[in-house]
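Everything below concerns the one structure shown next.
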Amino acid sequence: MRVALATVAAILFFVSVQLALAEDIRLAPGDNKDNYESADYHTDSLALPQRIGAPADLLSFATRKQTGLPAPQHPANNQPDAQKIALGRKLFFDRRLSRNGTMSCAMCHIPEQGFASNELARSIGFEGRSLKRNAPTILNVGFYQRLFQDAREFTLEQQVWSPLLATNEMNNASIGQVIKIIQSAEDYTGLFERAFKQAPNMQNIGMALAQYERSLVAADSAFDQWLYGGDKSALTDQQIDGYELFIGKAGCVNCHLIGTQTALFTDQRLHSTGLGFQTSLGDSDSPITVQLAPGVFTSMEKARVESVGEKKPNDLGRYEVTLNPADRWKFRTPSLRNVALTAPYMHDGSLPTLASVVKFYKQGGVEHELLSPLIKPLNLDNDEQSALVAFMQSLTGDNVSTLVADAFAANNDRAHNNNKAAINRTAE
Amino acid sequence: MKQFTTHTLPRILAIVSLVWASAAQADETCMSPYMAKIVGQEDVVYVWTLGEEGLGDEQDKLVTIDVNPSSPDYGKVIHTLSVGGRNEAHHSGFTDDRNYLWAGGLDSNKIFIFDVHTDPAKPSLFKTIDNFEQASGGVVGPHTFYALAGKIMVTGLSNSADHGGRTAMVEYSNTGDYVATHWHPTDQDLRGATKSGKYADGYGYDVRALPRRNAMFTSSFTGWTNYMMDFGTMLGDPEAMKRFGNTAIKWNLHTRQPEKIFDMPGAPLEIRCAWQPNHNYCFTTTALTSQIWLMYEDESGEWQAKAVGDIGDPSKVPLPVDISITSDDNGLWVQTFMDGKARYFDVSDPFNPKQTYEKVIGAQLNMISQSWDGKRAYFTSSLLDNWDKKGEADEQFFKAYTWNGKQLELEFMVDFKAEKLGSAHQMRFGAYGLYGLPRPWEKPANASAGKAASTDAAN
């Protein structure tokens with residue numbers, strides 16, 4: 001009995017510490033730039049040594065149903081397992097899994113930035129090479145039927161190898177080289193053998209990373225509590241107005257689906273909003289406005305910008321996978337869960353705020369022959385636009401802080417372990 | 001032949017260098033006061049060079065150029081040492097005894113320590129530090145290598161948590177052992193510092209010290225995401241353009257504690273402190289807002305910061321990058337990257353800099369190193385691999401000029417593209433006399449003559 005009480009006390013203590021730490025987590029860049037446009041901007045920066053966090057029970061997130069989402073589904077050959085999740089988590093934060101030891105998965109999927117990147121529009125990878133797209137959140141990524149914004153991949157187990165090998169992302173020289181890095185790192189000794197009963201290989205590396213990603217389930221938001229949990233006080237009147245617009249006049253729900261029991265906020269399909277079309281065919285020679293400091297802006301001629309820069313690349317979306325002209329500029333509908341955390345928006349990060357996204361759709365996207373018929377100009381006044389934004393701000397999962405705190409702890413473990421572990425990258 | 005060399009204790013060196021500063025005309029002026037200086041003719045310049053894809057062996061290298069007009073190899077590349085990989089080679093700095101040159105990679109976080117004293121014409125790789133990020137507790141982007149007494153202070157530009165601009169200084173022993181991490185103050189942890197304005201961004205860039213005032217100063221740039229990104233892409237990315245430093249910090253040199261944070265909008269970069277014994281001030285320039293700033297000790301002993309002048313037309317963003325103060329503190333060279341100009345400012349009144357000369361050095365321009373007497377100035381072209389200009393304007397050069405107080409005259413140049421070397425970045429001077437070595441082309445007739453030459457080199 002005494003042992004049981006002690007165990008309960010320990011669990012309660014662990015949970016209370018975790019909750020306390022999670023409450024302290026800022027779900028935004030620790031380098032605050034809110035109001036930077038104004039000369040009145042002031043910093044509110046966090047100290048990196050205090051980015052400590054606490055481990056979470058990820059297995060429970062991978063297995064239990066959260067209000068508003070279906071129960072997580074897992075492949076038959078990769079059922080949730082605490083050791084496999086822990087191994088995937090370790091791999092996810094490991095900077096050594098890139099050609100020059102600089103990039104981990106978490107350098108683009110930054111935990112406190114919605115497991116995305118708030119600080120730039122389009123990601124950069126190995127040696128600063130530009131990517132065409134904004135880093136999407138990996139929260140709830142396990143619910144997508146197809147992966148990448150052009151839906152070119154089918155399972156997370158396979159998907160993870162693309163960034164590991166892409167020359168403009170982590171740029172590992174080969175699959176074998178990734179396996180060799182892991183095999184030669186002392187701190188991985190025995191981990192794959194214990195989790196998978198195998199040495200590390202292409203399949204189980206993918207499985208481990210997929211396990212961690214599928215544990216990042218974040219629902220039970222204020223919206224979920226309101227619609228599915230029966231808590232009618234969970235949303236403000238403005239958010240309820242926004243919901244009504246979302247499922248009604250604004251028509252957002254046509255692509256960002258809400259069901260009677262659960263809501264993925266995506267139809268899993270691909271559409272063209274016109275943004276890709278605009279980049280490919282509607283390039284402008286207008287000067288651009290560049291911010292130099294808080295409240296200080298200047299105008300720069302396009303030619304001057306291009307003297308030090310590459311041209312913004314075309315992005316033909318789904319077409320690049322199928323080569324079907326009808327698929328030009330089509331991108332997968334993203335879920336809107338946790339969308340308040342994942343600015344900037346759209347496939348290329350070209351819209352900085354949710355308000356700017358609403359404005360874009362109010363205008364009916366960008367007119368072109370492949371514009372989705374579901375997108376048309378909307379007659380929304382300012383209050384209605386604000387209500388839609390307020391509604392989207394209600395979609396943040398109540399456990400995101402816990403997941404972020406866990407990620408902080410994982411990163412700290414990494415720094416500690418990697419410091420002791422040598423890697424043999426030299427030739428045989 | 002006027003060279004000063006010594007192997008005496010660093011603290012004595014600091015005093016000696018001050019005495020010499022008042023007697024001589026000017027520097028290798030960005031060197032640490034803890035360090036022996038070359039006040040006469042330098043023999044070689046080490047250029048820390050970025051490897052370029054498709055050019056030569058495509059990797060970073062230390063390039064040694066003979067710059068002594070009396071040498072038969074004057075104006076030639078006499079040695080290259082490839083280090084493997086494109087690490088985003090950037091800055092370098094000597095240990096206080098000037099025996100080793102530390103050179104960093106802003107991307108890979110590797111620090112290459114070169115032996116430059118055994119044979120100044122042929123540096124060798126002594127040691128590579130490859131756990132900077134882990135040892136420091138998450139600091140990324142080793143930038144400035146600044147000699148303190150028996151130590152090297154390495155400024156970071158970024159961190160491994162989010163690749164943003166919050167960072168720290170990392171202190172090492174001369175032998176390459178990690179000593180401590182000194183985080184830049186943030187609002188959450190000011191570490192005892194006082195905010196003089198609205199900002200405590202935690203960013204870092206350069207470091208310089210004024211030992212006689214127990215003062216150390218740092219500036220602030222941007223994190224890995226921005227300094228590695230294509231420059232034009234970044235200019236068009238409003239979120240990225242918010243991620244620049246707007247602060248400089250006065251630290252207690254002895255305790256390494258930050259004391260006062262100055263608001264300095266627009267990314268203050270290089271810091272150069274005055275050399276004269278009663279000149280208690282340092283200059284810096286803001287890259288984005290194109291201003292000269294002065295950090296100075298006022299009559300009450302309080303440190304202040306003030307914008308004291310514009311560089312070109314700030315609305316055109318000329319992008320001032322490297323600066324260099326003359327050793328008499330009367331002049332400040334300011335290089336502007338976008339228009340490729342070297343600009344000379346009269347700063348005899350430090351509160352009222354006046355530009356008195358400018359010259360286009362190339363299509364793009366970054367670094368300058370001037371001799372202690374101010375008569376020679378060397379320039380290189382590269383800023384950051386993905387920030388350099390595109391196409392034909394991506395000139396990569398080392399150019400040697402003489403300066404007569406009125407104009408720059410080109411003596412020779414090394415085309416780093418034609419020689420398939422890469423992109424030329426930071427320069428550091430070397431001299432045989434520093435190590436009691438005779439110049440190879442001045443071989444003595446016998447051993448005693450050699451000794452005499454060495455002694456002469458030290459005078």
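The values are calculated or read from the model by the stated rules, or taken from the named source; none is laboratory data. Just so it is clear, the model here is predicted, and its values are computed rather than measured. Positions of Cβ are generated from backbone atoms using ideal geometry, with glycine treated the same way; all protein chains shown enter the neighbour counts.
In the same structural domain as A:Ala116 (by TED's automatic domain parsing) and modelled with pLDDT of 95 or more, is that true of A:Asp24?
Taking the combined requirement at face value, the residue does not satisfy it.
Name every residue in the stretch B:313-348 that is of a type in the set (Gly, Ala, Ser), more than 13 Å from chain A (Cβ to nearest Cβ) and within 17 Å of B:Phe398 (Cα to Cα), in order of residue number. Correct list: B:Ser324, B:Ala342.
Among B:Asn87, B:Asn99, which is the only one that is among the polar types (S, T, N, Q) and closer than 24 Å to B:Gly204 by Cα? Explain how you work it out, then say what you get.
Values: B:Asn99 fails: closer than 24 Å to B:Gly204 by Cα.
The unique qualifying residue is B:Asn87.
Scanning the stretch A:255-297 for residues that are modelled with pLDDT of 95 or more, among the β-branched types (Val, Ile, Thr), assigned to a strand (DSSP E or B) and surrounded by fewer than 19 Cβ atoms within 10 Å (Cβ to Cβ) yields A:Thr289, A:Val296. Would it be correct to say that B:Arg376 is closer than 18 Å to B:Ile325 by Cβ, among the charged types (D, E, K, R), surrounded by 18 or more Cβ atoms within 10 Å (Cβ to Cβ) and in contact with an Asp or Glu (Cβ under 7 Å, 6 or more places away or on another chain)? Criteria not met by B:Arg376. Confirm whether A:Asp187 is closer than 24 Å to A:Asn314 by Cα and either free of Cβ contacts under 8 Å to residues at least 24 places away in the same chain or over 14 Å from the mean Cα position of the chain (by Cα) (or both). The answer is no for A:Asp187. When the stretch B:263-294 is filtered for residues that are of a type in the set (Gly, Ala, Ser) and either within 15 Å of B:Gly309 (Cα to Cα) or in a strand (DSSP E or B) (or both), the ones remaining, listed by number, are B:Gly266, B:Ala287, B:Ser290. Check whether at least one residue in the stretch A:336-344 is more than 27 Å from B:Asn226 (Cβ to Cβ), more than 14 Å from chain B (Cβ to nearest Cβ) and modelled with pLDDT of 95 or more, and report yes or no. Among the residues of the stretch A:336-344, at least one is more than 27 Å from B:Asn226 (Cβ to Cβ), more than 14 Å from chain B (Cβ to nearest Cβ) and modelled with pLDDT of 95 or more, which makes the answer yes.
Is it the case that some residue within the stretch A:119-129 is among the hydrophobic types (A, V, I, L, M, F, W, C), within 30 Å of A:Thr63 (Cβ to Cβ) and either part of a loop (DSSP other than H, G, I, E, B) or away from chain B (no Cβ under 12 Å) (or both)? Checking the stretch A:119-129: not a single residue is among the hydrophobic types (A, V, I, L, M, F, W, C), within 30 Å of A:Thr63 (Cβ to Cβ) and either part of a loop (DSSP other than H, G, I, E, B) or away from chain B (no Cβ under 12 Å) (or both). When residues in the stretch A:245-254 are screened for being farther than 30 Å from A:Glu153 by Cβ, assigned to a helix (DSSP H, G or I) and free of Cβ contacts under 8 Å to residues at least 12 places away in the same chain, 1 of them pass. Scanning the stretch B:178-223 for residues that are part of a strand (DSSP E or B), in contact with a Leu (Cβ under 9 Å, 6 or more places away or on another chain) and touching a residue at least 24 places away in the same chain (Cβ under 8 Å) returns B:Tyr203, B:Ala209, B:Leu210, B:Ala215, B:Met216, B:Phe217, B:Thr222. Output yes when any residue across the stretch B:10-30 is part of a strand (DSSP E or B), surrounded by 21 or more Cβ atoms within 10 Å (Cβ to Cβ) and either within 17 Å of the chain's Cα centre (by Cα) or modelled with pLDDT under 95 (or both), and no when none is. No, the conditions are met nowhere in the stretch B:10-30. When A:Arg133 is tested against (1) more than 14 Å from chain B (Cβ to nearest Cβ); (2) among the charged types (D, E, K, R); (3) touching a residue at least 40 places away in the same chain (Cβ under 8 Å), only condition (1) is not met.
In the stretch A:309-335, how many are within 14 Å of chain B (Cβ to nearest Cβ) and in contact with a Gly (Cβ under 9 Å, 6 or more places away or on another chain)?
5
In the stretch A:325-339, the count of residues that are under 15 Å from the mean Cα position of the chain (by Cα), under 22 Å from A:Val217 (Cβ atoms) and aliphatic (A, V, I, L, M) is one or more.
In summary, strands (runs of 3 or more DSSP E) completely within the stretch B:331-448 and bearing 2 or more residues that are in contact with a strand residue (DSSP E or B) (Cβ under 9 Å, 6 or more places away or on another chain) and farther than 20 Å from B:Pro268 by Cα occur at B:354-360, B:376-380, B:397-403, B:408-415, B:423-430.
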